[in-house]
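Down below is the structure, laid out as structure tokens.
What follows draws every value from the coordinates through simple rules; no lab data is involved. Computed from a prediction, not measured in an experiment: that's the story for all the values here. Positions of Cβ are generated from backbone atoms using ideal geometry, with glycine treated the same way; all protein chains shown enter the neighbour counts.
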């Protein structure tokens, strides 16, 4: 087991907050030490030697895994809370976005939670809009079917009324009963 190194009370990083220290460490992972030294001096007014920067990076590396896990859990919880505020979020979708945010935070991308929340919100809103559109289309299809049925009923009623008018004329005509029966069957489609 490696003993944790103690930070000197007069070390340059003691002037920085925890968050600022992690920002410096992230910069050390991406930029040359000389550039980070200048950046620390410009941003925080603290001068650090090259060797103290290397010692600082070594100490931060020892804490990095724990920090990333804590950050990931925090990001996941923030995403969960914010998604619950959005409402109408599918549980599986919410779980997927929480996991994505947590995994990104583990890789050092703490802003991923905000991006994933934004994506989840847009996806959820799009899903809701698609569902509204589907319901509207179904309602329109039902309305068309009802209209077609009403039209069929109306046309059938008109045909029956026309048949009744024609049958009335046949009954009034003075023709022999066999001819009358033949014409009535013809009118009502019975022959």
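Numbers for the structure displayed
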{"quantity": "Expected-Rg normalisation [2.2 N^0.38 Å, Cα atoms] applied to the range 8-48", "calculated": "1.06"}
{"quantity": "Segments 60-67, 98-105 sorted - mean Cβ within 10 Å per residue, highest first", "calculated": "98-105, 60-67"}
{"quantity": "Separation between Cα centres of the range 26-75 and the range 128-189, rounded to whole Å", "calculated": "85"}
{"quantity": "Inter-label distance for residue 185 and residue 136, nm, one decimal - labels placed 7 Å from Cα along Cα-to-Cβ", "calculated": "5.7"}
{"quantity": "Extended-chain gain in nm, criterion 0.36 nm per residue less alpha-carbon gap, residue 65 and residue 111", "calculated": "14.8 nm"}
{"quantity": "FRET E, pair residue 43, residue 122, Förster distance 45 Å, beta-carbon r, rounded to 0.05", "calculated": "0.85"}
